[in-house]
Amino acid sequence: MIEMLFNPKKVERMPWEMFFVGLLYSSVSLLLVNYVFGEDVILREGSGLLVVLFSVICSMPFMYFIIKNEEEKDIEISKSGKLIKEHAKALNALIWLFLGITVAFSFWYVILPNDAGKNFNFQIKTFCAINRPGQFDKCVSQYGVPVGTGAVSKSTSHMLAIFSNNIYVLIFTLLFSLAFGAGAIFILVWNASVIGAAMGIFAKQSIAALPLSFLRYMIHGIPEIGAYFIGSLAGGIISVAVIRRDMKGERLWIILQDALVLTIIAIAVLFVAALVEVYVTPILF
């Protein structure tokens, strides 16, 4: 019922609607987990994953429709430049979806501070592992405390570490979408939930601080997640083509070439995102 409130066929014509899709579906998922599954002594241990799982279930029809539509474009459009322009429409819709999910998670993190540690338990652990690995247990017990970011990090090794980690996620996203088609939405919703929790932590339980927190993470977060979406499109296009038996003759090379171009673009975008995260974000925040 819930996933039928929005029409997937309108995705590329009105991509901004995907913001409200993400906002609604993730909000319903979180409230469901908080007030229903959160009362179960066993299931509440996995609340952080259940929130992601229910959001994925609702978002799956949109992801599948987008990937199926992009695969059809590979067959119909022969010019590479025009094809990339068409893929940009799908990317735009997916980024709106990501923003909606991220805003919803950060909002509920602040609105339900007493339940944040339960609803985002895995996300908080991920945040602490990245930001305070030396004080992981203390960070988790405090439900995540952001470290100071006033100094500019000029460490090339730090930037390369972030870039290599992002490449790892991109490869996993590409392979996941290749194997499961629209299944890559799980990885993307998971990333949105981690960023949403981080924004809530940075906002320190204040709704007024959320816009600043949003800017802090979206400066490098949007190009980063955009690269993952591009990777998921690349793998998903091949996956759908195999299912539809379109991998024959000239079609095979057209689809593979398009997937390769998308992957190269994704890697380039991730490199820029890593530069921004290490050298730009610390200056501004």
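Readers should treat all values here as calculations from the given coordinates under stated rules, not as data from a laboratory. Keep in mind that this is a model prediction, so the values were computed, not measured. With ideal geometry, Cβ positions are generated from the backbone for all residues, glycine too; neighbour counts draw on all protein chains shown.
Remarks
- In this structure, ILE171 and ILE243 have a Cβ-Cβ separation that, at R0 = 22 Å, corresponds to a calculated FRET efficiency of about 0.50.
- Annotation for GLU72 and HIS158: the two label points, set 7 Å from Cα along the Cα-Cβ direction, are 4.8 nm apart.
- Virtual spin-label span in nm between VAL280 and ALA179, 7 Å along Cα→Cβ: 3.4 nm
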